[in-house]
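The values are calculated or read from the model by the stated rules, or taken from the named source; none is laboratory data. Values in this document were obtained by computation on a predicted structure and should not be read as measured data. With ideal geometry, Cβ positions are generated from the backbone for all residues, glycine too; neighbour counts draw on all protein chains shown.
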Amino acid sequence: MKTTVSRRTFIKGGLAGTVAATVLPEKKSQAATFEGYPDGMGVLVDLTRCVGCRSCEAACNEEQKLPQPEKPFDDFSVFDEMHHGQKRRTDETRYTIVNRYDVPGLDHPLFRKIQCNHCQEPACLTSCFVNAYTKTPEGAVIYNPKVCVGCRTCMIACPFYIPTFKYSSAFNPRIMKCIFCYDTRLKEGRPPACVEACPQEALTFGKRNKLIEIGRQRIRETPDKYEDHIYGEHEVGGTAWMYLSSVPFDQVGFDTHVPKEPILNYVKDFLGIVPMVLTIWPALFAGFHLLATRKDWLKNKNEDTHEEE
Amino acid sequence: MRTRKKLLRTTLALAIGSVLLWPQPGSAMEAADAPETVEINSLSRLYSGVDFNHAMHTEIATCVQCHHHTTGGEVTDPNCIRCHAKSGESDTVSCQECHSSDRFSKEDLSKRDNPALYHIDKPGLKGAYHLNCVTCHQKTGGPTGCQDCHTMTEAGEKMFQTGKYAPTETTGGEHSGH
Ligand code: SF4
Ligand code: SF4
Ligand code: SF4
């Protein structure tokens, strides 16, 4: 199922259902105290360096064992694709996408890589009522598909439209999104596959704090080349993946209206829509079952925190 | 270890260039002192190596454009000049001496943690090549397509799922599409 146009309207519809929601007890927000890890890693994406070669897309497909694409990764006609009036976006078959932007006044196009931004205080995590998500000390936001009930709250909560779902059966939903190559690479201190594949070093991997230092240095030393802003340093409370651009960020597809604080507060409002979502979802029964067994699961959680894929 | 051997050859070529043809101390290195061709292949997995025509490039670019301050030429970049105005020739001018081929490894990253280090943002070897070559080629109309400079290997075709690994009507497009 494609999710391009419907999310906003979905949210609106969902909010209408909040009346019904108030009967449910509010989620105990243990996540409210969560903050980013000081030594967390990140990636600085420099749009002035990206040439749109799609090596990162190919590497991600290979690393994450994603299905074969419709077109080869050296086919650049994908940049002209439009789906419901929008450029390509990430979904359950591709965790990362590179899109081309023809900016007025520029003699060359710009390219922007999209994937999960691995927020410091992730809205997907705080919104998930079965705690399927984890922010690891290394900086990755990963998930445990075994506890996900497929309610799609995280999909609505994410300010960057990242989580998508794969349904092998109505009772077996599975979140699909970029996991920062956590289990195969990041965990061992290795850079993600997309970073390693990038010929242009448009993707710089390192400690998030260091990346901010690097970003500032690039802006300071070549002020004509860059907008004086690191997107993601403060957006939604900070993200592990951050961006530099030569043009204003809204001209290359970035949402510049996202709040500077974590989405958490907004998510609390969103939580009201969970029951609404659930009632329209066949996973309802799976959800009840999970809620019933959740205590046991939480008890075991500490013992197998590496269960996530 | 085909790659190793070739790499060694390149390094040797550069080393010989440095030893035999090094100009008198104090004078800037001459373009004529440099090797004719340099085989760039230390990273060739997805693409074959590049036989870089160094001699040709010395005719269309100055040494400092690629070698920065290391060849002893006049440094003009306002950022570099702060320290390298008079730093003169370096002992070596080969790319890989300064640009690490294990960029983003644990060792590489921890070296950059040194708070006294200015060059925290020095590109790795692959990044250095491409940033230097592609940026200039874009400005001067040189080749910019990946395969304009190096042909894709079979491993590359596999990863890019192209050529004989290209998706067909029956295999491709598990993506829900439109
Ligand atoms: S970008 Fe979206 S999916 Fe990724 S961590 Fe942030 S809120 Fe979660
Ligand atoms: S970090 Fe890994 S999962 Fe995420 S986009 Fe890059 S290769 Fe894909
Ligand atoms: S591999 Fe690097 S240069 Fe190529 S499209 Fe991806 S980010 Fe851009």
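Entry remark, region B:40-58: residues being touching a residue at least 24 places away in the same chain (Cβ under 8 Å) and of a type outside the set (S, T, N, Q) number 7 in total.
Could you grab me the full set of residues in region A:196-228 that are acidic (Asp, Glu) and either within 16 Å of ligand 3 (Cβ to nearest atom) or not in a loop (DSSP other than H, G, I, E, B) (or both)? Outline the logic, then answer.
Step one: filter region A:196-228 for residues acidic (Asp, Glu), giving A:196, A:201, A:213, A:221, A:224, A:227-228.
Residues satisfying the conditions are A:196, A:201, A:213, A:221.
Determine if region A:91-111 includes at least one residue that is within 18 Å of residue A:194 (Cα to Cα), assigned to a loop (DSSP other than H, G, I, E, B) and aromatic (Phe, Trp, Tyr). Walk me through how you get there before you give the answer.
Of all residues in region A:91-111, those within 18 Å of residue A:194 (Cα to Cα) come to A:91-100, A:111.
Going one step further and asking which of them are assigned to a loop (DSSP other than H, G, I, E, B), we end up with A:92-93, A:95-96.
Now restrict to residues that are aromatic (Phe, Trp, Tyr): A:95.
Yes: region A:91-111 contains one or more residues that are within 18 Å of residue A:194 (Cα to Cα), assigned to a loop (DSSP other than H, G, I, E, B) and aromatic (Phe, Trp, Tyr).
Residue A:138: touching a residue at least 12 places away in the same chain (Cβ under 8 Å), on the phi > 0 side of the Ramachandran plot and either basic (Lys, Arg) or not in a strand (DSSP E or B) (or both), yes or no? No; evaluated as a whole, the condition is false for this residue. Taking the conditions exactly as written (touching a helix residue (DSSP H, G or I) at 6+ places or on another chain (Cβ under 8 Å), of a type in the set (Lys, Arg), surrounded by fewer than 23 Cβ atoms within 10 Å (Cβ to Cβ) and closer than 20 Å to residue A:42 by Cβ), does residue A:207 satisfy them or not? Answer is yes for this residue. Scanning region A:95-109 turns up one or more residues that are among the small types (Gly, Ala, Ser) and without any contact (Cβ under 8 Å) to a residue 12 or more places away in the chain. Search region B:78-129 for residues being among the hydrophobic types (A, V, I, L, M, F, W, C), outside any helix (DSSP H, G or I) and within 11 Å of chain A (Cβ to nearest Cβ), and hand back the single one that is surrounded by the most Cβ atoms within 10 Å (Cβ to Cβ). Going through the qualifying residues, I end up with B:104. Taking into account only those residues within region A:146-178 that are modelled with pLDDT under 90, in a loop (DSSP other than H, G, I, E, B) and crowded, with 21+ Cβ neighbours inside 10 Å, which is nearest to ligand 2 (Cβ to nearest atom)? Within region A:146-178, the match that is nearest to ligand 2 (Cβ to nearest atom) is A:148. Among the residues of region B:145-164, is there at least one that is out of contact with any Lys or Arg (no Cβ under 6 Å at 6 or more places or on another chain), under 18 Å from residue A:55 (Cα atoms), more than 13 Å from every other protein chain (Cβ to nearest Cβ) and charged (D, E, K, R)? Looking for residues that are out of contact with any Lys or Arg (no Cβ under 6 Å at 6 or more places or on another chain), under 18 Å from residue A:55 (Cα atoms), more than 13 Å from every other protein chain (Cβ to nearest Cβ) and charged (D, E, K, R), one finds at least one in region B:145-164, hence yes.
When you look at residue A:192, is it within 14 Å of chain B (Cβ to nearest Cβ) and either surrounded by fewer than 19 Cβ atoms within 10 Å (Cβ to Cβ) or in contact with a strand residue (DSSP E or B) (Cβ under 8 Å, 6 or more places away or on another chain) (or both), yes or no? Against the criterion (within 14 Å of chain B (Cβ to nearest Cβ) and either surrounded by fewer than 19 Cβ atoms within 10 Å (Cβ to Cβ) or in contact with a strand residue (DSSP E or B) (Cβ under 8 Å, 6 or more places away or on another chain) (or both)), residue A:192 qualifies. Count of region A:89-108 residues, restricted to those that are over 16 Å from residue A:60 (Cα atoms) and surrounded by 15 or more Cβ atoms within 10 Å (Cβ to Cβ), is 3.
The rows are residues; the columns are (1) small (Gly, Ala, Ser); (2) within 16 Å of ligand 3 (Cβ to nearest atom); (3) without any contact (Cβ under 8 Å) to a residue 24 or more places away in the chain.
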residue: A:40; (1), (2), (3): yes, no, no
residue: A:81; (1), (2), (3): no, yes, yes
residue: A:87; (1), (2), (3): no, yes, no
residue: A:120; (1), (2), (3): no, no, no
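For residue A:107, indicate whether it is modelled with pLDDT of 95 or more, of a type outside the set (Gly, Ala, Ser), under 21 Å from residue A:226 (Cα atoms) and out of contact with any Phe, Trp or Tyr (no Cβ under 7 Å at 6 or more places or on another chain). It is false that residue A:107 is modelled with pLDDT of 95 or more, of a type outside the set (Gly, Ala, Ser), under 21 Å from residue A:226 (Cα atoms) and out of contact with any Phe, Trp or Tyr (no Cβ under 7 Å at 6 or more places or on another chain). What pairs can you find where one residue is in region A:172-194 and over 16 Å from residue A:113 (Cβ atoms) and without any contact (Cβ under 8 Å) to a residue 60 or more places away in the chain, the other is within 8 Å of ligand 2 (Cβ to nearest atom) and among the acidic types (Asp, Glu), and their Cβ atoms are less than 6 Å apart, with a gap of 6+ or different chains? Here the result reads none, with nothing in region A:172-194 linked to a residue that is within 8 Å of ligand 2 (Cβ to nearest atom) and among the acidic types (Asp, Glu). Scanning region A:54-70 for residues that are within 17 Å of the chain's Cα centre (by Cα) and either more than 9 Å from ligand 2 (Cβ to nearest atom) or facing chain B (nearest Cβ under 8 Å) (or both) turns up just one, A:61. Among the residues of region A:112-135, those identified as in a helix (DSSP H, G or I) and of a type in the set (A, V, I, L, M, F, W, C) are A:123, A:124, A:125.
Take the conditions free of Cβ contacts under 8 Å to residues at least 60 places away in the same chain, facing another protein chain (nearest Cβ under 7 Å) and among the aromatic types (Phe, Trp, Tyr) and apply them to residue A:73. Does it pass? Here the answer is yes, as residue A:73 does meet what is asked. Suppose the filter is under 23 Å from residue A:175 (Cβ atoms) and surrounded by fewer than 19 Cβ atoms within 10 Å (Cβ to Cβ); does residue A:38 pass it? Against the criterion (under 23 Å from residue A:175 (Cβ atoms) and surrounded by fewer than 19 Cβ atoms within 10 Å (Cβ to Cβ)), residue A:38 does not qualify.
When the residues of region A:32-90 are filtered to those that are within 16 Å of ligand 1 (Cβ to nearest atom) and among the aromatic types (Phe, Trp, Tyr), the one that is modelled with the lowest pLDDT is A:34. Taken over region A:103-137, the criterion of being over 15 Å from residue A:181 (Cα atoms), away from ligand 1 (no atom under 13 Å from the Cβ) and more than 14 Å from chain B (Cβ to nearest Cβ) is satisfied by A:103, A:104, A:105, A:112, A:113, A:129, A:130, A:131. Which residues, taken from region A:172-188, are of a type in the set (D, E, K, R) and either within 11 Å of ligand 1 (Cβ to nearest atom) or within 13 Å of chain B (Cβ to nearest Cβ) (or both)? Residues satisfying the conditions are A:177, A:185, A:187, A:188.
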